[in-house]
Structure formats: C-alpha cells, structure tokens
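Data block below; observations after.
The values are calculated or read from the model by the stated rules, or taken from the named source; none is laboratory data. Only a predicted model underlies this, so the values are computations on that prediction, with no experimental measurement involved. Heads up, the Cβs are rebuilt from the backbone with ideal geometry, glycines too, and the neighbour counts pull from every protein chain shown. Heads up: the accessible areas ignore ligands, DNA and RNA and are worked out on the full protein's heavy atoms, side chains in. Shrake-Rupley method; radii C 1.70, N 1.55, O 1.52, S 1.80 Å.
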Amino acid sequence: MFEEPVEKWFRLEGKTAVVTGAVGILGKYFCRGLASVGADVAVIDLDEDSCQKFAKELRQEYGTDAMGVACDITSPEEVGQMVEEVVGTLGKINVLHNNAAAKSKDLTEYFTSFEDYSYREWQEMMRVNVDGMFLVAQAVGKQMLSQGQGGSIIQTASVYGVVAPDQRIYEGSEYMGVEINTPAVYATSKAAVIGLTKYLATYWAKENIRVNAITPGGVESGQNEQFQSLYSRRVPLGRMGKASEMVGALVYLASDASSYVTGQNLIVDGGLTTW
C-alpha cells in the first residue's frame, strides 16, 4: 500500500516555481499548470507589465501566490537580481522551469538558408537559448544549494534537438506570412539544452537537485494549413500538438511523482521521433 494517495505526489503546495519565458506561447500554459496544483509561481519574461498582469491573473484564478519579474536572461546581473527578488518575496525556489527561448526580430533573417545565415543572428539565438539557460540554471541552482532541500529543474528542449527536421514538410509552409523552416541555430541550441540537462543532472544529483528536459513536438501556433498538414503526416498520432498537452509532463517532472527521475528528456511529440 502507498503511504498517501498517488494524486498527492503531483501536488506542489508550499513550493515556489520560477518559469522563464512565462508569457510566451507555451509559458502561460505552463504557469497555469503549476499554479493549478498548488505552486506559487514567479512569472519571468522581458516585459514587466505583461509579467505582473499575468501574475495577478494566476492569483485570482488559483488562489496561490504569484509575482511578475522582468528579466533579460542573457544578463548575469539581471538574472541574479531576479533570483534575489523572487526569494525576497516568495521565500525560496523549489522548481525552475528554464523555458525561455529567443524570438527573432526579423523572421525573414531567422528563416534564411544555412548557406546565407547571418552570424549575428546565430549569436543572438545562442545568447538566449544556451547562454541564458546556463545563467538561469546557475543562479537558481546556487539558490537551491543554499536552501539545502533539493529541487527540480526542467529545461525546455525540442524534437529538433533530438532528430533532424524533415525538410520536405516546409514546401509551401508559412508562419505569419513568411516562408518557414527549422534553422540550424535552433536545432543546435536545443541539442545543447539536452546536453546541459544531462550534465547538471549528474553534477547536482548528490544534492537531490533533479534536472530533466521536456521536449515538445510541433504545437499549433499560427502555421498555415499546408504546414500543419505536412507536419501531421510525419506524426504517428496524425496531428500537431496542443499547448495544453505539454503541461502534464511539466507537472510530473516538477513534482514528487518523478522523485527518482533525473537526467531524462521527456518527449511529448505524438510519436514523431519514434520513426
């Protein structure tokens, strides 16, 4: 017999979770998922007003505590200040969802072919997707060590950090009116996320800080019908994912339900990487 009902393993009452990229396409779903199981949530993103407004929504909807903090995760100083502010207000950090990813200011430049790709664009994407993830993991991990109670760190990767994109699905595919592909910088940066995850999982294991990755497959987010159709044919379940379908994996990895899980990459892709 279990000592307590299994559903309690998934609860996060008394825990504080930090989510970066918190007001993005998936970020709001992730924050709501954590708040719905009792966590106090620190909403971290670039725009302070958006963060604070969304934190207020979380407090009203779930009755848990929440705060919004603007932070450029590529700045060591801002990351350090963010951690201090979260601890000063919410008291501690038990869960980190290292979720922020770069958003290009110029979609045409972002989707340029590999042969003509701008080094400046490459560097900017890497600054956020790799350097920023390093800085946040470092600062929050140090805070978790000082608390001496372990913790859970979850980092968002991508199927294209695991397998190469099928270039055929981009024929006639568009996003916001721009012809799209998966740039090499995106795939490379997400592969780095998985590598960092495995490294930190073994590095901090003795301190009971678990580190795992969550890998979403393609999620509907404004792609044209052609892309959705071609992508869905590559997926055993026959469709793209929904943002809400990523949340269960996060709650599992954040909670005691996964207390013996570390160094793993939980892929939520409808089976795409299976074949």
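Tabulated results
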| item | result |
| --- | --- |
| Spin-label pair ARG127/THR274, simplified geometry with 7 Å Cα→Cβ offset, distance in nm | 4.1 |
| Spin-label proximity, ALA257 to the range 119-155 - amide N less than 19 Å from point 7 Å beyond Cα toward beta carbon | 151-155 |
| Solvent-accessible heavy-atom area per residue, rounded to whole Å², over the chain at 1.4 Å | 49 |
| Relative contact order computed over the chain (Cα-Cα under 8 Å; 6+ residues apart), in percent | 18 |
| Cα-Cα over 26 Å, subset of LYS92/LYS190; LYS103/LYS190; LYS53/LYS242; LYS56/LYS206; LYS8/LYS53 | LYS92/LYS190; LYS56/LYS206; LYS8/LYS53 |
| Nearest-0.05 FRET efficiency for GLU48 and ASN181, computed from C-beta distance (R0 22 Å) | 0.10 |
| Helix-only mean residue ellipticity at 222 nm for the chain, each DSSP H run of n ≥ 4 adding -39500 (n - 2.57), per residue, nearest 500 | -11500 deg cm²/dmol |
| At R0 = 30 Å, FRET efficiency that the Cβ-Cβ distance of THR108 and THR202 yields, to 0.05 | 0.15 |
| Relative packing of 48-55, 94-101, 124-131, which averages over residues the other C-beta atoms within 10 Å, highest first | 94-101, 124-131, 48-55 |
| Cα centre as origin, Lys/Arg/Asp/Glu Cβ charges: the chain dipole, Debye | 740 |
| For peptides 210-223, 233-246, sequence by mean Cβ density within 10 Å, most packed first | 210-223, 233-246 |
| Those aspartates and glutamates that a straight Cα-Cα span of less than 14 Å connects to LYS105, excepting residues fewer than 8 apart in one chain | GLU121, GLU124 |
| Euclidean distance between Cα centres, the range 1-72 to the range 200-251, Å | 19 |
| Kyte-Doolittle at least -1.0, axis length at least 15 Å by Cα - qualifying DSSP helices, the chain | 76-90, 133-147, 184-203 |
